[in-house]
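Everything below concerns the one structure shown next.
The values are calculated or read from the model by the stated rules, or taken from the named source; none is laboratory data. Treat the numbers as computed from the prediction; the structure is a model and nothing was measured. Methodologically, a virtual Cβ is constructed for each residue, glycine included, from the backbone with ideal geometry; neighbour enumeration extends over all protein chains shown. Areas reflect the complete protein model, heavy atoms only, side chains present, ligands, DNA and RNA absent. Shrake-Rupley method; radii C 1.70, N 1.55, O 1.52, S 1.80 Å.
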Amino acid sequence: MTEKPQAADPGSTGSAPGGSAPAEQAGDGPRVVIRNNRKIRETSEPAAADAGSDVPAEGLVEEAEVVVDEIEVEAAEVTGPPVVDAPAKPVDGGGSALGAELEALRTELEERTRDLQRVTAEYANYRKRVDRDKGLVTEQATGAVLAALLPILDDLDRAREHGDLVGPFGTVAEQLTTALGKFGLTPFGEQGDPFDPTRHEAVAHQTSADVTEPTCVQVMRRGYQVGERLLRPAMVAVADPE
């Protein structure tokens, strides 16, 4: 017949250090004690435990290991950002790179400024050339028109010399001369003017004691100019000094 195990003595149970009551298994085999939610196996050898304690030395060692594990877990849970006492100092290499970049930007800005100045000067010169060419083209076109009217002015001069510019015909001749003068047409070549080979065309030469230098003594056809441009030289007779 098998014997029923006896109930454990209520007085033999005690409170565990972690607050949980140890559960002991009855019988001659090894006991199991629960401390801090871990099972501690105890042997039934009397030499394994102290006379005044119900927990063997092996159980104490394993319980101490459990406490250490709990402390490590709590220390691992307490985490946070590191404390920085002062801002990090800039690295010397970063300052050198920044200075080199600023120098490169300054050099590029100077180059762009010189390019802008050069383009501005070129544009100003271009505007001057355009204005000069425009004025030259206008002057040439005006000169071409006035040159075509010079034979009419020559006929008016001959009619004036013969006294035919009278009445309405003379008024029209004067109005035409005034209108052409507004375009810069200027006549030149009068009797007694010093001879200028660049403005006069000599068709006759003679000597005279009344002159001290080559002089225009007769104007056969007046010359004309537009501004500083010679449109036609004057045809004259020249007297040289004796």
Selection count, the stretch 184-204, where residues are at pLDDT 90 or above and under 14 Å from VAL226 (Cα atoms)
5
Of the conditions (1) open to solvent by 80 Å² or more (accessible area, probe 1.4 Å); (2) within 30 Å of ARG229 (Cα to Cα), GLY135 satisfies every one except a single condition; which number is it?
(1)
Selection from the stretch 120-148 of residues within 30 Å of ALA234 (Cβ to Cβ) and either polar (S, T, N, Q) or in contact with a helix residue (DSSP H, G or I) (Cβ under 7 Å, 6 or more places away or on another chain) (or both) yields THR138, GLN140, THR142, LEU146
Log entry, pairs with first residue in the stretch 209-223 being on the phi < 0 side of the Ramachandran plot and in contact (Cβ under 8 Å) with a residue 40 or more places away in the chain, second being crowded, with 17+ Cβ neighbours inside 10 Å and in a loop (DSSP other than H, G, I, E, B), beta carbons closer than 8 Å, six or more apart or on different chains, reads ARG221/GLY189; ARG222/GLY189
